[in-house]
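Data first, discussion second: the structure below is written as structure tokens.
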Amino acid sequence: MNWIENVLIIAGVSLDIFAAMECQGALVAKVDKKQLSVICALIAVWQLCALALGNYLSGLLYRNELDENFVGLVIAAVIFFGLGIRLIAKAIKNEWINERREESLDVKKFLRMTAVTSIYTLLAGIAFGFLGTNVALMLIIIVCMTIAFVVLGVYTGYHLGFQHKTKAYVGGALLLWIAGIDVIVRHIMC
């Protein structure tokens, strides 16, 4: 896979983080830049570890044999389609947020949210491992994209509210489905 495809897949996974951060940004009275920097660092490191662990786990399962290579590619496509379905389900469910003003961003909430989101990043890491993606490049992309989506999510929520989270979920699902189709067309059918 080329770097553009990798960026799109990471963006698809990161749009879930964007939506969660948008909801949190809608609640704060003022965005504290120092606190936001700490949250960005924590979430980026957590996502980095999840992606690296997923890639490592795929290495344990993958032995470069012809049959296992095909199975790994199928698993990667299924992971991308499954993550997309999960995002669509979240968009349809559209949980309502009880908007109440908070003075600052709560780091503990973000850790819990990040733990859940990192499960899906771990799965994406497994898929990347099966696809033989450059790990160093993926780790750089996940850190940059996570920081960008956390900041964008908080400020979008702060200025516009949390109404756009369903669009983020749908956009993420579409990106992941495109990745799944790409795996099928370029890797499995060839």
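The values are calculated or read from the model by the stated rules, or taken from the named source; none is laboratory data. Just so you know, these numbers come straight off a predicted model, no measurement behind them. So basically every Cβ, Gly included, is an ideal-geometry build from the backbone, and we count neighbours across all protein chains shown. In case anyone asks, the SASA skips ligands and DNA or RNA and just uses the protein heavy atoms, side chains included. Shrake-Rupley method; radii C 1.70, N 1.55, O 1.52, S 1.80 Å.
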Protection-proxy order for peptides 128-141, 74-87, each taking the mean of Cβ atoms within 10 Å per residue, highest first: 74-87, 128-141
Sum of -39500 (n - 2.57) over DSSP H runs of 4+, divided by residues of the chain (222 nm, nearest 500): -28000 deg cm²/dmol
Prolate/oblate/rounded label for the stretch 10-52 (Cα gyration tensor, a/c 1.5): oblate
Rounded to the nearest 10 Å², the accessible area of Thr117 at probe 1.4 Å: 10 Å²
Sorted peptide list for 154-162, 176-184, criterion being average Cβ within 10 angstrom, highest first: 176-184, 154-162
For the stretch 1-90: Kirkwood Rh in Å [reciprocal of mean 1/r, alpha carbons]: 15.7 Å
Probe 1.4 Å - accessible area at Cys144, Å² to nearest ten: 80 Å²
Net charge of Cβ neighbours under 12 Å - reference Asn94; Lys, Arg +1; Asp, Glu -1: +3
Value in Å of the Kirkwood radius, where the stretch 150-190 supplies the Cα pairs that are averaged: 12.0 Å
Under-5 Å amide H pairs with Val28, H placed in peptide plane, nonlocal only: Glu102
Per residue, the convex hull volume that the Cα atoms of the chain enclose (Å³): 98 Å³
Dipole moment magnitude, nearest 20 debye, the chain about Cα centre, only Lys, Arg, Asp, Glu C-beta charged: 520 debye
Simple Cβ-charge dipole of the stretch 101-190, Lys/Arg +1 and Asp/Glu -1, about Cα centre, in debye nearest 20: 120 debye
